[in-house]
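Values in this text are rule-based calculations from the coordinates and carry no lab data. Computed from a predicted model, the values in this text were never measured in an experiment. Here the Cβ is made from the backbone with ideal geometry for all residues, glycine too, and neighbour counts use every protein chain on show.
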Amino acid sequence: MIEDAVIIFKENSKKRILGLPIMLRIILSGHQSGLKNFFIVGNGRAEEIKFIETLKLDKRVQAHQLQISYLPLAELNSNSSRIFPGFRDKNFWLIDGDLIFSAKFFEQYKDLTEILQLPIIFISQKGDFDKNSLSWSGLALCPGKIWPSLAMALAKKDTEVLLLTAAELFSEFSVRSERGEDDFLIRVRSKTDEKKVIQALLKTARKPQDGFIAKHFNRHISLFFTKHLVKLDVSPSLLSVLNFFIGITGAIIAGLGKGYWSFLAGGFLFEFSSIFDGCDGEVARLTYQTSKKGASFDVIFDALTYLLFFSGLAIGLYRHYQRSWYLILLGLFLLSLAWYYFNLNRYTRASGIGNKIFLVAKEVEARPQKEKRLSLFDRLASKLAFAVRRDFFATFVFLLIAAGFASSVLFLVAGGSLIESTYFHFYTSRQLKALKAQNRSLLT
């Protein structure tokens, strides 16, 4: 595994992009792929040293015990071998400090154990690679044996105007180049570069499991908010709490039972809560603050929002129309929901899914591809599993309420919850039985 990176300090290394300085973003991205030791090459100026000290105090850096060292250019000539004890027997990353790039570059090499014979330069544009004319792209994976030569090449230059060709930087060694089709390498040197970088990073904040509505509608809105929220240094946990209060507000307004506009406003906030729910995860991914605890809170808040809104809607309909069967539907909904979450808790614990409950819906959806012999109910459930995704469900509910069918929404939710809970009970029973049989066979 590769654990070391040399980062060349640049004028824009301190520039904040989506809430983080570029240098810190490089370090945290590297950490996610196993990097532990970061050596910053700079001019030795007081402001550079002060900035590096602030990076060391960052809570994410300290929590993961990342090692950050500052190497003045003046020391590279005489101390290049001493600075890296054992470095000759390792591979290391060489990175320009004004570069934003896809984490895929780190990911595809994180398990590399063999020592490279040639440096690999990652190029930002397609075309033939010419070592003698190619400008240094800003990202390379290098064998440790080239460090003394590389250190001398760096020591001859001012890092702020370091525009070396590959031939100058790797003068004594042959090199090869690589480029991924979907990857990006962008130097941040202008406002245009900033815009490109922001768009590229925002795309990385998307979830691969997003449904159709989330992918083509909700994410565009949530990412718009996220782009501004990261600048305010708002924590993902605070956003989760804020989103929960948006959902509660929607439930309270719907529960007032003041007629169409009351139900519409409540439904709108329920839909907006579903959209805004993406912001906490997006901020967490963009600022490297993801955690199991945060994911658990998000799941709990989602479930409570769902419970409270439809309870509020049922109470509001009862207050407005004074018909007791709205309360009967509420009771049916609550019992069905309790039954569903009881089975969900049993299944997620036994299967090891944990708080990644979206995997359950994906599992049901994928069954026809994995299992040939399925009952009609199983096939129907796989076709309709998308309907329980929050993005689709919240939008569907809001549109029905906007069309004046608030009562129909409650009938659909209560009836649908009962059908879903009943199916899920038998589904989890079969799956748990299969898991127990599998565990017994492994023990024997």
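Results, tabulated for the structure shown:
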read-out	value
Flagged links, alpha-carbon separation over 29 Å, of 56/90; 231/258; 56/215; 59/207	231/258; 56/215
Taking 26, 401, 252 and counting other C-beta atoms within 10 Å, the order from fewest to most	252, 401, 26
Region 57-74 - phi-based ³J(HN,Hα) in whole Hz, Karplus 6.51/-1.76/1.60, Gly and Pro as x	8, 4, 4, 6, 5, 5, 4, 9, 6, 6, 9, 10, 10, 9, 10, x, 4, 4
Residue 32/residue 225 FRET efficiency (R0 25 Å; Cβ-Cβ; nearest 0.05)	0.55
Rounded FRET efficiency, nearest 0.05, which uses the C-beta distance separating residue 376 from residue 304 and R0 of 51 Å	0.90
Loop-located chymotrypsin sites (Phe, Trp or Tyr not before Pro) in region 217-270, at most 12 other Cβ atoms within 10 Å (DSSP)	none
Per-pair calculated FRET efficiency, R0 = 35 Å: residue 65 and residue 156 via Cβ, rounded to 0.05	0.55
Cα shape, region 205-443, gyration tensor, a/c 1.5 rule	oblate
Of 10/203; 110/191; 203/436; 145/191, those spanning more than 29 Å from alpha-carbon to alpha-carbon	110/191; 203/436; 145/191
Interchain or long-range residues, amide H under 5 Å from residue 92's placed H	142, 144
Loop trypsin sites (Lys or Arg not before Pro), region 1-63, which have at most 13 other Cβ atoms in a 10 Å radius of their Cβ (DSSP)	45
Whole-Hz ³J(HN,Hα) from phi, Karplus 6.51 cos²θ - 1.76 cosθ + 1.60, for region 328-343, glycine and proline x	5, 4, 4, x, 5, 4, 5, 5, 5, 5, 4, 4, 4, 6, 4, 5
Fully extended contour minus Cα-Cα distance, from residue 432 to residue 408, at 0.36 nm per residue	5.1 nm
In region 246-302, trypsin sites (Lys or Arg not before Pro) in a DSSP loop with at most 16 other beta-carbon atoms within 10 Å	258
HN-Hα J in Hz across region 423-440 - Karplus 6.51, -1.76, 1.60, θ = phi - 60°, x for Gly and Pro	4, 5, 4, 5, 4, 5, 4, 5, 5, 5, 5, 5, 5, 5, 5, 5, 5, 5
